[in-house]
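The values are calculated or read from the model by the stated rules, or taken from the named source; none is laboratory data. Note that this is a predicted model, so its numbers are computed, not measured. Please note: Cβ atoms are built from the backbone with ideal geometry, for glycine as well, and neighbour counts cover all protein chains shown. Heads up: the accessible areas ignore ligands, DNA and RNA and are worked out on the full protein's heavy atoms, side chains in. Shrake-Rupley method; radii C 1.70, N 1.55, O 1.52, S 1.80 Å.
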Amino acid sequence: MSEPFGRRTFVAGAAAAAFLAGAPGPAAQGAELVGGNLPDFHPALKDQLRFPLAWGTSPVRDFKSWRRTARSKVEEHLLVDRQDGTPYAPEFTAGPQGEGFTRESVTLSLTSYERVRGTVLTPHGTGPFPAVLLLHDHGAKFDIGKEKLVRPWYDDTRLASAQAWADKYFSGRFVGDELARRGYVVLCLDALGWGDRGPLTYDQQQALASNFYNLGSSLAGLMAREDARAAGFLAGLDRVDARRVAAVGFSMGAYRAWQTAALSDDIAAAASVCWMTGLKEMMVPGNNTLRGQSSYYMLHPGLPRFLDFPDVAGIAAPRPMLFFSGALDTLFPADGARVAHDKLRAVWRSRHAEERLHLKTWPDLGHVFVDRMQDEVFTWLDRVL
């Protein structure tokens with residue numbers, strides 16, 4: 001039975017609390033662990049990762065056949081069944097007018113498990129319009145999700161939190177509102193744990209993810225399935241030109257954007273800001289991923305035995321794709337971005353479509369999506385959609 005929509009609080013169960021209470025502290029950890037919780041034999045494990053299903057390495061030489069094979073392999077590792085037969089059954093609630101666009105809240109079913117709340121912005125004028133599936137970041141900030149990108153009109157507390165987030169990462173802008181003013185329909189939804197589907201706490205992520213695994217499912221797989229379903233919902237709206245739907249995101253939202261483009265043919269283009277790397281280059285002592293917790297939202301068990309991150313993104317080729325990185329971004333080392341960009345470039349070049357791939361490293365920027373980056377993304381979207 002589906003759980004009714006509503007704001008919830010995640011609470012660690014008694015069993016989980018007992019487990020965490022009994023976890024060994026630093027003094028009890030063996031000497032076999034090196035910086036960042038890596039086993040000392042991690043180089044041997046890395047050497048075993050050859051990504052044999054990557055385009056150019058795979059024995060499948062026909063690109064369309066490779067895309068089907070690679071996508072099937074990714075879906076196999078999501079551990080969450082397709083939800084294509086679940087009716088969206090959307091319920092819209094009108095909000096106040098924006099500057100050049102209308103605001104609505106929407107509640108819909110992305111899976112058969114529960115209802116999800118989001119926001120829809122629609123430009124004034126006569127459609128159908130191009131559209132953007134806007135995917136929020138992680139940031140270990142769970143009180144707001146969709147509100148990070150679309151200015152909330154329904155809660156002053158969330159508005160204050162969202163404005164502070166926008167000031168920190170987005171030059172004070174709400175990216176969704178900017179896109180709507182430029183003529184795009186915008187859909188932004190909460191991922192599990194954020195906003196109306198939370199708030200989760202940082203320390204609860206690992207227990208939540210392990211409980212998904214114990215239930216034969218996956219937290220990251222659920223997010224992937226939901227995002228692909230959201231793309232289908234957006235493309236199916238009467239107000240939207242189904243041929244001109246893009247996915248756009250920053251940080252975890254960037255990961256979600258290229259992943260959705262790989263898994264859904266409803267996405268015609270994707271812009272990913274500050275989340276692309278080679279896996280081996282990311283798995284180094286001191287990297288944030290090695291702390292666990294937030295990494296579970298981007299962890300599909302066993303998939304690295306077949307495909308690297310840029311290999312998955314390459315499933316979307318030869319559609320237009322944009323990848324930005326910051327040279328000062330401590331979360332994604334420069335070596336990792338360089339390796340990933342080289343792999344991506346090789347895929348699009350093999351399709352004689354390198355002009356559709358926009359790769360850029362911003363030498364003076366870190367992990368941000370500031371106004372000048374946004375403006376370049378907006379101009380790119382205007383050109384490719």
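Scanning the range 261-298 for residues that are in contact with a strand residue (DSSP E or B) (Cβ under 9 Å, 6 or more places away or on another chain), part of a loop (DSSP other than H, G, I, E, B) and of a type outside the set (Ser, Thr, Tyr) yields Asp266, Ile267, Ala268, Cys274, Trp275, Met276, Met283, Val284, Pro285. For the range 58-73, the set of residues classified as among the hydroxyl-bearing types (Ser, Thr, Tyr) and not in a loop (DSSP other than H, G, I, E, B) consists of Ser65, Thr69, Ser72, listed by residue number. Which residues, counting only those in the range 272-288, are β-branched (Val, Ile, Thr) and surrounded by 20 or more Cβ atoms within 10 Å (Cβ to Cβ)? Of everything in the range 272-288, those that are β-branched (Val, Ile, Thr) and surrounded by 20 or more Cβ atoms within 10 Å (Cβ to Cβ) turn out to be Val273, Thr277.
The C-beta contact set for the range 251-272 (first residue touching a residue at least 60 places away in the same chain (Cβ under 8 Å), second residue of a type in the set (Lys, Arg), distance under 7 angstrom, 6+ apart or interchain) comprises Ala261/Arg319; Ala262/Arg71; Leu263/Arg71; Ala268/Arg243; Ala268/Arg244; Ala268/Arg319; Ala269/Arg319.
Conditions (1) of a type in the set (Val, Ile, Thr); (2) modelled with pLDDT of 95 or more; (3) under 23 Å from the mean Cα position of the chain (by Cα); (4) open to solvent by less than 40 Å² (accessible area, probe 1.4 Å), marked per residue:
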site: Ala21; (1), (2), (3), (4): no, no, no, no
site: Asp47; (1), (2), (3), (4): no, yes, no, no
site: Pro52; (1), (2), (3), (4): no, yes, no, no
site: Thr69; (1), (2), (3), (4): yes, yes, yes, no
site: Lys73; (1), (2), (3), (4): no, yes, yes, no
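Would a scan of the range 158-181 turn up a residue that is open to solvent by less than 10 Å² (accessible area, probe 1.4 Å) and among the β-branched types (Val, Ile, Thr)? Yes, because at least one residue in the range 158-181 is open to solvent by less than 10 Å² (accessible area, probe 1.4 Å) and among the β-branched types (Val, Ile, Thr).
Within the range 355-365, identify whether any single residue is free of Cβ contacts under 8 Å to residues at least 24 places away in the same chain and open to solvent by 30 Å² or more (accessible area, probe 1.4 Å), and answer yes or no. For the range 355-365, residues free of Cβ contacts under 8 Å to residues at least 24 places away in the same chain and open to solvent by 30 Å² or more (accessible area, probe 1.4 Å): present.
Of Leu307, Leu344, all but one fail to be open to solvent by less than 50 Å² (accessible area, probe 1.4 Å), more than 17 Å from the chain's Cα centre (by Cα) and under 30 Å from Gly183 (Cβ atoms); the exception is Leu344. What do you reckon, is Asp335 in a loop (DSSP other than H, G, I, E, B) and among the charged types (D, E, K, R)? Answer is no for this residue. Could you check, for the range 257-264, whether at least one of its residues is open to solvent by less than 30 Å² (accessible area, probe 1.4 Å), at pLDDT 95 or above and in contact with a Leu (Cβ under 6 Å, 6 or more places away or on another chain)? The answer is yes; a qualifying residue exists.
Among the residues making up the range 211-226, those that are assigned to a helix (DSSP H, G or I), more than 19 Å from the chain's Cα centre (by Cα) and either buried (at least 22 other Cβ atoms within 10 Å of the Cβ) or touching a residue at least 60 places away in the same chain (Cβ under 8 Å) (or both) are Asn211, Tyr213. Selection of the range 239-293 for residues being of a type outside the set (A, V, I, L, M, F, W, C) and touching a His at 6+ places or on another chain (Cβ under 8 Å) yields Gly249, Ser251, Gly253. Is it the case that some residue within the range 80-96 is open to solvent by 40 Å² or more (accessible area, probe 1.4 Å), under 16 Å from Arg225 (Cβ atoms), modelled with pLDDT of 95 or more and more than 22 Å from the chain's Cα centre (by Cα)? The answer is yes, given that some residue of the range 80-96 is open to solvent by 40 Å² or more (accessible area, probe 1.4 Å), under 16 Å from Arg225 (Cβ atoms), modelled with pLDDT of 95 or more and more than 22 Å from the chain's Cα centre (by Cα). Looking only at the range 131-156, how many residues end up being surrounded by fewer than 23 Cβ atoms within 10 Å (Cβ to Cβ) and either of a type in the set (Asp, Glu) or in contact with an Asp or Glu (Cβ under 8 Å, 6 or more places away or on another chain) (or both)? Adding up the residues that qualify gives 4. Looking at this structure, is Gly85 over 22 Å from Met298 (Cα atoms) and not aromatic (Phe, Trp, Tyr)? Judged against the criteria, Gly85 is a match.
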